[in-house]
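Q: Before I ask anything, here is the structure I am working with.
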Amino acid sequence: MTIAEQLLAEWDIEMATTRTVLERVPDERGAWKPHEKSFPMAHLAQLVAMMPSWVTVVLEQTEFDIAPTDGPKGSYTIEKTEKLLADFDKNAAVGRACIARTPDEAFDVMWTLKAAGEAQSTLPRLVALRTTVTNHLVHHRAQLGLYLRLVDEKVPSMYGPSADTKGKPS
């Protein structure tokens, strides 16, 4: 089994779970946030929806500057859940296709994350993919699950039943 085949088995599970969380984001609560330092719910959901596309940044480049001093800055908007799901579906498919076409030896290539030109970490692409994309996505998905709980939306099961699923599928 190739590295890509192993990663795709996990990818498919994580993307399906992530989609069930995004489906629950209420359109009317996009500006809501649990704390003044927190992202609004719609911004967090938008981040979760875009993160699967980061696979191409890790697997097709050797470095990425998340805060370039001379480049455009990222911005978030408040979008309806239907758009977030469409974006997520597109990005998950792009990420999956990129993983699928990546040969084993490419996962050993070193990849550097920079901020304002300064290296923050340099890791083999396989490790960068797991930490910078997949694990990072799971982290923000969990935050979104907490946001859902705090606004009384049903939280789907992620790695087992939630209080709302009681052992039943989401």
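Q: Answer yes or no as to whether Glu36 is more than 17 Å from the chain's Cα centre (by Cα), within 24 Å of Ile3 (Cα to Cα) and open to solvent by 40 Å² or more (accessible area, probe 1.4 Å).
A: Here the answer is no, as Glu36 does not meet what is asked.
Q: A follow-up question, please. Just need a number here: residues in the range 39-64 that are surrounded by fewer than 18 Cβ atoms within 10 Å (Cβ to Cβ) and of a type in the set (Phe, Trp, Tyr).
A: Residues that pass the stated criteria total 1.
Q: Answer yes if at least one residue in the range 9-16 is in contact with a helix residue (DSSP H, G or I) (Cβ under 7 Å, 6 or more places away or on another chain) and either part of a loop (DSSP other than H, G, I, E, B) or open to solvent by 60 Å² or more (accessible area, probe 1.4 Å) (or both), and no otherwise.
A: So far as the range 9-16 goes, no, none of its residues is in contact with a helix residue (DSSP H, G or I) (Cβ under 7 Å, 6 or more places away or on another chain) and either part of a loop (DSSP other than H, G, I, E, B) or open to solvent by 60 Å² or more (accessible area, probe 1.4 Å) (or both).
Q: Residues in the range 124-146: is at least one surrounded by fewer than 20 Cβ atoms within 10 Å (Cβ to Cβ) and over 17 Å from the mean Cα position of the chain (by Cα)?
A: yes
Q: Name, by its number, the condition in (1) closer than 15 Å to Ile66 by Cβ; (2) within 18 Å of the chain's Cα centre (by Cα); (3) open to solvent by less than 30 Å² (accessible area, probe 1.4 Å) that does not hold for Leu113.
A: The single condition Leu113 does not satisfy is (3).
Q: A further question on this structure: Just a yes or no: is a residue in the range 65-75 touching a strand residue (DSSP E or B) at 6+ places or on another chain (Cβ under 6 Å), open to solvent by 60 Å² or more (accessible area, probe 1.4 Å) and either closer than 19 Å to Lys154 by Cα or touching a residue at least 12 places away in the same chain (Cβ under 8 Å) (or both)?
A: Within the range 65-75 (the criterion being touching a strand residue (DSSP E or B) at 6+ places or on another chain (Cβ under 6 Å), open to solvent by 60 Å² or more (accessible area, probe 1.4 Å) and either closer than 19 Å to Lys154 by Cα or touching a residue at least 12 places away in the same chain (Cβ under 8 Å) (or both)), the answer is yes, since at least one residue qualifies.
Q: Being loosely packed, with under 15 Cβ neighbours inside 10 Å and closer than 22 Å to Gln46 by Cβ is the requirement here; does Lys166 meet it?
A: Here the answer is no, as Lys166 does not meet what is asked.
Q: Another one. Give the range 68-93 a look and list any residue that's more than 18 Å from His140 (Cβ to Cβ) and not basic (Lys, Arg), or say none.
A: Listed by number, the residues that qualify are Pro68, Thr69, Asp70, Gly71, Pro72, Glu82, Ala86, Ala93.
The values are calculated or read from the model by the stated rules, or taken from the named source; none is laboratory data. Computed from a prediction, not measured in an experiment: that's the story for all the values here. A quick note on method: Cβ atoms are made from the backbone with ideal geometry, for glycine too, and the neighbour counts reach across all protein chains shown. Areas reflect the complete protein model, heavy atoms only, side chains present, ligands, DNA and RNA absent. Shrake-Rupley method; radii C 1.70, N 1.55, O 1.52, S 1.80 Å.
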